[in-house]
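Just below is one structure, and these are the notes that go with it.
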Amino acid sequence: MIIENIRKTFFELYGKKEIEPVVFFAPGRVNLIGEHTDYNGGFVLPCAIQYGTYLLIRLSNDGMIRLASTNMKEELVISVTDIFAKSPGKWTNYPLGVMDQFLKLGFRMTGMELLFSGDIPNSAGLSSSASIEMVTAFALNELLNCNLDKIALIQLSRRAEHEFAGVNCGIMDQFAVGMCSAGHALFLNCHTLEYKMIPMKMNGYTLIIANTNKPRRLADSKYNERVAECQLAVACLAPYVDISRLGELGYPQFYKLQDKISDEVIRKRARHVVSENQRVLNSVNSLLRNDFVQFGNLMNISHDSLRDDYEVTGIELDTLVDEARKIKGVSGSRMTGAGFGGCTVSLVKNESVDHFIRQVGEAYTLKTGLKADFYLAEIGDSVKKSNGLH
Ligand code: GLA
């Protein structure tokens, strides 16, 4: 939806007043590699995409918070004194959760009118929720003069997701939305939060995101189950090695100790995390050398590990990946995000893009009965105040 139309909807909902609404924008993200490593204090390599969430926001002095979205039917009007009240399963939990965090940090909330409008497909693993959280946090910080730095906004948005949405996520999504820059991937150590921007010179390649359009039922509870399984793996290893998270373990060390994890499932989960962490480091080296063939290989191995060891793929994601790998000019293909449905990301030679979309799309429908959507990713910028020209 273009910004002028969102502005029109804003005035239809809230009326014209002396003060104009201010416009902010936060992108979604696609993770290139480093899946389910963030909550283990490991490495990730996401980049921001061109799709994202606009927020038009105007402060008011009636003590009421009004939330609406051009994408969702539910609207909410609540008093600033009722922000702590969650509404299970509703999109409004994301902005409310963020406001709640501002209150917990001791800031005062005032009345305000908010209209969100986004083009990130929901439940697709492209961080539509982190995008809503971060655009809200960034806007409140600016309009309420809170002077929090971006890291603080990222951390409070993550806490909002834990406390209001009930997902025990890592920090990757909020960090990517808050810190990425155009033309770069973000190489992040999720434990220390040290990061480096890695130039993505595309050299005749395109990143294609393919959406399974599979409804992600129970995805949040399965996600939390994986988080708990990793904690269990750490508990099994802790008597033998001084670690508090799997991200501290190198592969050779894990290999020696793996038998200490007697449960095979838990051992597989740990093997994925430890090996995936190493793959992120190898991927960064490949990208710095512009070696997209090696990088593509690492993407492939990452998917296979998520399928066999972490068990978060499923027939839809596996079909998209298998079909992608049959296409000439594809250097790698993997699921991206939490899994259990959602999207794949593939690195494809420019001349093969049309063929890829046609061929993979047809084969996917034939096998699953579902229709996939395809997006050509442009590597975008992080959250910002918008001039409306995005
Ligand atoms: C979701 C979470 C992230 C991360 C990924 C998997 O997107 O929000 O924190 O754990 O899954 O890599």
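The values are calculated or read from the model by the stated rules, or taken from the named source; none is laboratory data. Quick caveat, the model's predicted, so the values are computed rather than measured. Using ideal geometry, Cβ is built from the backbone for each residue, glycine included, and neighbour counts are taken over all protein chains shown. Each accessible area value is taken on the protein alone, full model and side chains, heavy atoms only, with ligands, DNA and RNA left out. Shrake-Rupley method; radii C 1.70, N 1.55, O 1.52, S 1.80 Å.
Does region 17-31 include one or more residues that are closer than 27 Å to A176 by Cα, buried (at least 19 other Cβ atoms within 10 Å of the Cβ) and in contact with a Pro (Cβ under 6 Å, 6 or more places away or on another chain)? Yes; the residues of region 17-31 include at least one that is closer than 27 Å to A176 by Cα, buried (at least 19 other Cβ atoms within 10 Å of the Cβ) and in contact with a Pro (Cβ under 6 Å, 6 or more places away or on another chain). The strands (runs of 3 or more DSSP E) found wholly in region 55-174 and carrying at least 2 residues that are under 30 Å from L45 (Cβ atoms) occupy 111-118. From the list R217, R245, the one residue that fits, being modelled with pLDDT of 95 or more, among the basic types (K, R) and out of contact with any strand residue (DSSP E or B) (no Cβ under 7 Å at 6 or more places or on another chain), is R245. Among the residues that make up region 35-42, is at least one of them part of a strand (DSSP E or B), within 14 Å of the ligand (Cβ to nearest atom), open to solvent by 10 Å² or more (accessible area, probe 1.4 Å) and at pLDDT 95 or above? There is no residue in region 35-42 that is part of a strand (DSSP E or B), within 14 Å of the ligand (Cβ to nearest atom), open to solvent by 10 Å² or more (accessible area, probe 1.4 Å) and at pLDDT 95 or above.
For beta carbons closer than 7 Å, sequence separation of 6+ or different chains, a first residue in region 98-123 that is closer than 16 Å to E163 by Cβ and touching a residue at least 40 places away in the same chain (Cβ under 8 Å) and a second that is of a type in the set (K, R) and open to solvent by 30 Å² or more (accessible area, probe 1.4 Å), the qualifying pairs are Q101/R159. Pairing each residue of region 170-188 that is within 14 Å of the ligand (Cβ to nearest atom) with any residue that is of a type in the set (V, I, T), provided the two are 6+ apart or on different chains, yields C-beta distances under 6 Å for M172/V44; Q174/I154; F175/I154; V177/V383; G178/I154; G178/V383; L188/V44.
In this structure, A228 qualifies as within 16 Å of the ligand (Cβ to nearest atom), closer than 30 Å to L257 by Cβ and either open to solvent by 20 Å² or more (accessible area, probe 1.4 Å) or of a type in the set (S, T, Y) (or both).
For the criterion of being modelled with pLDDT of 95 or more, open to solvent by less than 70 Å² (accessible area, probe 1.4 Å), of a type in the set (V, I, T) and over 22 Å from A210 (Cβ atoms), V312 fails. Filtered by the rule that a residue be over 23 Å from K214 (Cα atoms) and within 16 Å of the ligand (Cβ to nearest atom), region 94-134 gives G97, V98, E133, M134.
Counting only residues that are within 16 Å of the ligand (Cβ to nearest atom), give me the strands (runs of 3 or more DSSP E) lying completely in region 278-390 with at least 2 of them.
In region 278-390, the matching strands (runs of 3 or more DSSP E) lie at 330-336, 343-349.
Quick grid of which residues meet (1) more than 30 Å from V312 (Cβ to Cβ); (2) surrounded by fewer than 17 Cβ atoms within 10 Å (Cβ to Cβ):
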site: N61; (1), (2): yes, yes
site: T81; (1), (2): yes, yes
site: F84; (1), (2): yes, yes
site: T92; (1), (2): no, no
site: S117; (1), (2): yes, no
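Selection within region 238-296: residues that are basic (K, R) and closer than 25 Å to I171 by Cα. The member of this set that is most open to solvent (accessible area, probe 1.4 Å) is R271.
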